[in-house]
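S.K.: Here it is: the structure, laid out below.
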Amino acid sequence: MGCISACVQGLLDQVHGLQRGAWFLLGCIVFSGLARADEQALDAYGGCREIKGRSTGFFHLEKNDKRWMFYTPEGHGFVPLGISGMHAQQEQWNGRTKAGTSHRDACLKKYGSIDAWKKATAERIRGWGFNYTGSFSYTELNSEGIPYIKTLSLTKYAIDERGPVCGNVWHKLGNNYHCPDLWHPELPAFMAGRMAKEKAAFSDPLLLFYYPDELDQLQGFADYADHLGWAALVGEERVTCKASGDPVGSQPTFVNYTKLRLLRYLEEKYVDIAMLNKAWGTVFGGFDELRSVRRDDASWGRSRDPQRKGFPGYRVDLDAFVELVGEQYVKLVKQVVLGQDQNHLIGFQLYGDHPRAALLKGMARQGHFDFYLADWGPEAYAEIKRPFMRLLYPSACNDSPLKFSGTCARVRLCLDDKGEKPVPADYQALKGDRLFLKIWDAAEDYWFDLNFAGGRLPIYFPNVPVPRDTITTPWHFQVLYTGRDDDGRSWFTVRSASPYNFGRAWELKEGIEALQAEGKQAEYRRSTAIPRSNFPTQAARGTWWAEQVGQVAKAQAANGEHFLLGAEWWKYMDNGWTYWVEQVNWGLVTLRDNAYDGHEAVRKGADGLLGTWDDEVADYGDCMTPVRAANTGIYRHILRESSRP
């Protein structure tokens with residue numbers, strides 16, 4: 001493996017010195033050579049032949065020599081390094097380029113057909129050292145021999161308004177959450193029907209594992225989300241499948257069995273309502289009165305952290321109910337999945353830095369899932385004793401077509417979100433929350449002259465002074481519209497996401513002008529969904545990925561066990577400026593299908609010619625070199641770690 005990597009790196013060093021026009025062709029030769037060389041060390045599924053386990057005919061987990069690891073159907077160690085969203089995406093899923101084209105348009109132009117794209121892309125990601133296609137990969141590359149995962153969506157469509165079978169437990173609770181009623185008697189049959197549709201996968205050795213559901217459809221499971229016990233207590237007795245609003249027309253309502261299950265738990269625990277009243281500090285006349293409890297933050301606490309001051313038993317009971325939720329969900333999923341397919345693994349994704357302890361405690365009663373996709377550490381592993389994978393979101397927005405930062409040349413307070421109606425010169429009487437700010441930056445060219453009213457770009461102003469203590473998150477605003485004046489000056493309009501907590505538009509105006517009066521410039525920067533993994537350069541985000549892959553080999557719990565299995569990169573291609581609120585450089589390639597390798601994602605594009613369809617707005621950095629080195633070196637790293645005394 002070391003010789004192979006050294007030879008390939010030597011070729012790459014030579015490639016870097018060639019003209020860009022020849023780079024793409026020679027790059028294909030290099031990566032093709034890498035694939036052929038890897039065949040000597042890797043099995044047909046990408047497993048390392050030097051790491052031996054059981055041969056079962058399907059991917060499976062083993063813990064050998066204190067290391068958890070996937071093993072291929074042939075019985076060789078396998079570190080899953082995947083990419084989400086492996087698809088030639090249309091505009092509605094990713095947005096469009098400056099030229100108005102989608103990623104799919106670029107793929108058809110570059111490869112001629114989707115089948116040709118699949119073949120070329122399979123070789124491409126193998127050359128980068130990735131070995132499976134992850135979540136939201138609608139055009140799976142398993143036809144090209146790439147292992148894949150499958151999201152079953154067992155419960156998601158149970159609350160789809162086109163044909164719901166149960167209610168949404170978050171109905172009318174004000175947070176736009178979704179989670180199906182896990183105790184509805186018709187849900188198990190619905191889930192079994194969803195599983196039966198995947199029959200073709202039951203015997204497929206390329207299937208790496210199942211996800212039972214998207215976590216976005218099980219809101220309340222993540223540690224930072226609102227509390228499911230609170231939702232069960234204050235929810236309606238009858239609910240619709242929707243998050244908000246009263247039933248419309250023939251839209252059905254459903255009994256809220258989740259609420260009933262909470263009430264049954266409380267009655268079984270306390271037996272006498274006087275005992276519950278003592279624990280909660282309440283005056284219920286009977287358990288039936290709990291049916292009429294509705295949202296009232298003063299009485300039942302706030303949704304994320306419900307408490308009743310002086311009565312800790314209240315929160316204890318709500319947490320205990322979340323345990324029942326976790327237990328019920330694992331029970332349903334295992335009954336459905338293992339009842340039809342015992343060949344494949346079940347993984348489950350949970351967002352957040354820390355597990356929701358009550359949920360996992362309940363899941364443990366049903367034996368947990370095989371592993372979790374979560375950003376947790378050794379402490380969580382010591383508690384649940386199941387291994388983890390990581391889903392990572394590296395970005396470098398300022399070193400990509402998604403760049404949005406600069407300095408404020410001029411500002412104007414406006415009455416409308418498009419910035420067409422300036423406020424009167426004496427705006428003191430209008431100092432309210434419903435004003436907007438128009439900002440010019442003559443040094444920038446906002447080619448994306450778009451309407452952000454439906455998907456607002458988050459932005460903040462890091463060096464503008466804060467005028468009052470009650471601004472807890474200073475100057476986090478939303479970009480609504482962008483454009484260019486007749487004289488060529490670029491502008492954008494913003495509004496405050498939360499005027500009291502984040503600052504008001506007129507306060508921001510005065511802060512910017514105060515800086516300018518001192519001869520300073522106010523800076524603005526875009527925010528991202530995950531700021532901690534947004535880096536200043538492509539090279540930095542590639543290096544960060546390499547560090548995370550290195551942790552798969554090195555990370556150990558207190559007992560010496562290696563608990564990290566692999567990692568998944570979110571996602572294959574960038575989003576565009578027209579893609580709702582996630583205008584983020586998460587991709588390994590641009591919407592023109594140019595890789596961030598220092599050669600393709602540049603002004604001349606992959607073909608090395610200015611003025612052609614694949615040209616980028618600017619020259620962007622090299623993310624792929626550290627990514628490729630880490631991915632292709634992971635087995636050497638593990639073997640080296642395993643040889644340590």
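The values are calculated or read from the model by the stated rules, or taken from the named source; none is laboratory data. Please read all numbers here as calculations on a predicted model, not as lab measurements. Virtual Cβ from ideal backbone geometry, glycine too; neighbours counted across all protein chains shown. Side chains included, ligands, DNA and RNA excluded: accessible areas come from the protein's heavy atoms. Shrake-Rupley method; radii C 1.70, N 1.55, O 1.52, S 1.80 Å.
S.K.: Given the options Arg124, Arg49, Arg36, name the one that is within 30 Å of Arg640 (Cβ to Cβ), modelled with pLDDT of 95 or more, of a type outside the set (S, T, N, Q) and outside any strand (DSSP E or B).
M.R.: When all the criteria are applied, what remains is Arg124.
S.K.: Same structure, new question: For residues that are outside any loop (DSSP other than H, G, I, E, B) and open to solvent by less than 40 Å² (accessible area, probe 1.4 Å), tally how many sit in the stretch 394-406.
M.R.: Summing the residues that are outside any loop (DSSP other than H, G, I, E, B) and open to solvent by less than 40 Å² (accessible area, probe 1.4 Å) in the stretch 394-406 gives 5.
S.K.: Give the stretch 80-109 a look and list any residue that's at pLDDT below 80 and on the phi < 0 side of the Ramachandran plot, or say none.
M.R.: Hits for the stretch 80-109 are Ala88, Gln89, Gln90, Glu91, Gln92, Trp93, Asn94, Arg96, Thr97, Lys98, Ala99.
S.K.: Now for a different question. If Leu173 satisfies all but one of (1) free of Cβ contacts under 8 Å to residues at least 40 places away in the same chain; (2) surrounded by fewer than 22 Cβ atoms within 10 Å (Cβ to Cβ); (3) touching a helix residue (DSSP H, G or I) at 6+ places or on another chain (Cβ under 9 Å), what's the number of the condition it fails?
M.R.: (1)
S.K.: Right, here's the next one. Is the stretch 143-152 home to any residue that is basic (Lys, Arg) and part of a helix (DSSP H, G or I)?
M.R.: Among the residues of the stretch 143-152, not one is basic (Lys, Arg) and part of a helix (DSSP H, G or I), which makes the answer no.
S.K.: Also, I was wondering about something else. Identify, please: which residue in the stretch 295-311 is open to solvent by less than 70 Å² (accessible area, probe 1.4 Å) and free of Cβ contacts under 8 Å to residues at least 12 places away in the same chain and is, among those, farthest from the chain's Cα centre (by Cα)?
M.R.: The extreme case among them is Ser299.
S.K.: May I ask you to list the residues in the stretch 97-120 that are open to solvent by less than 50 Å² (accessible area, probe 1.4 Å), assigned to a helix (DSSP H, G or I) and either more than 19 Å from Asp607 (Cα to Cα) or touching a Pro at 6+ places or on another chain (Cβ under 8 Å) (or both)?
M.R.: Selection gives Ile114, Lys118.
S.K.: Looking at (1) open to solvent by 40 Å² or more (accessible area, probe 1.4 Å); (2) within 22 Å of the chain's Cα centre (by Cα), which is the only condition Pro185 fails?
M.R.: That leaves (2) as the condition not met.
S.K.: I would also like to ask the following. Somewhere in the stretch 550-570, is a residue out of contact with any helix residue (DSSP H, G or I) (no Cβ under 9 Å at 6 or more places or on another chain), surrounded by fewer than 18 Cβ atoms within 10 Å (Cβ to Cβ), on the phi < 0 side of the Ramachandran plot and in a loop (DSSP other than H, G, I, E, B)?
M.R.: no
S.K.: Restricting the first residue to the stretch 496-521 and requiring it to be in contact (Cβ under 8 Å) with a residue 12 or more places away in the chain, which pairs with a second residue that is among the hydroxyl-bearing types (Ser, Thr, Tyr) and surrounded by fewer than 17 Cβ atoms within 10 Å (Cβ to Cβ) meet a Cβ separation below 8 Å and a spacing of at least six or different chains?
M.R.: Ser498/Thr473; Tyr500/Thr470; Asn501/Thr470; Asn501/Thr472; Asn501/Thr473; Phe502/Thr472; Phe502/Thr473; Trp506/Tyr427
S.K.: Would you say Phe348 is at pLDDT 95 or above and open to solvent by less than 30 Å² (accessible area, probe 1.4 Å)?
M.R.: The answer is yes for Phe348.
Okay, residues lined up against (1) aromatic (Phe, Trp, Tyr); (2) more than 21 Å from Asn559 (Cβ to Cβ); (3) open to solvent by less than 50 Å² (accessible area, probe 1.4 Å):
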{"site": "His354", "(1), (2), (3)": "no, no, no"}
{"site": "Ala358", "(1), (2), (3)": "no, yes, yes"}
{"site": "Gln366", "(1), (2), (3)": "no, yes, no"}
{"site": "Tyr372", "(1), (2), (3)": "yes, no, yes"}
{"site": "Ala382", "(1), (2), (3)": "no, no, no"}
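S.K.: Examine the stretch 100-119 for a residue that is among the basic types (Lys, Arg) and more than 27 Å from Ala618 (Cα to Cα), and state whether such a residue exists.
M.R.: yes
S.K.: Separate question: Restricting to the stretch 513-538, count the residues that are open to solvent by 50 Å² or more (accessible area, probe 1.4 Å) and assigned to a helix (DSSP H, G or I).
M.R.: Going through the stretch 513-538 one residue at a time, the tally reaches 5.
S.K.: What are the pairs, 6+ residues apart or on separate chains, where a residue within the stretch 209-222 that is in a loop (DSSP other than H, G, I, E, B) has its Cβ under 8 Å from a residue that is charged (D, E, K, R)?
M.R.: These pairs meet every condition: Asp213/Lys156; Glu214/Lys156; Gln219/Asp226; Gly220/Asp226; Phe221/Arg356; Ala222/Arg356.
S.K.: So for the stretch 240-257 (the condition being closer than 23 Å to Asp305 by Cα, modelled with pLDDT of 95 or more and of a type in the set (Val, Ile, Thr)), does at least one residue qualify?
M.R.: no
Quick grid of which residues meet (1) more than 27 Å from Ser113 (Cβ to Cβ); (2) in contact with an Asp or Glu (Cβ under 6 Å, 6 or more places away or on another chain); (3) at pLDDT 95 or above; (4) among the polar types (S, T, N, Q):
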| residue | (1), (2), (3), (4) |
| --- | --- |
| Val602 | no, yes, yes, no |
| Gly605 | no, yes, yes, no |
| Ala618 | yes, no, no, no |
| Cys623 | yes, no, yes, no |
| Asn631 | yes, no, yes, yes |
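S.K.: Within the stretch 419-439, can you find the residues that are in a loop (DSSP other than H, G, I, E, B) and either open to solvent by less than 60 Å² (accessible area, probe 1.4 Å) or at pLDDT below 90 (or both)?
M.R.: Gly419, Val423, Pro424, Ala425, Asp426, Tyr427, Lys431, Gly432, Asp433, Arg434, Leu435, listed by residue number.
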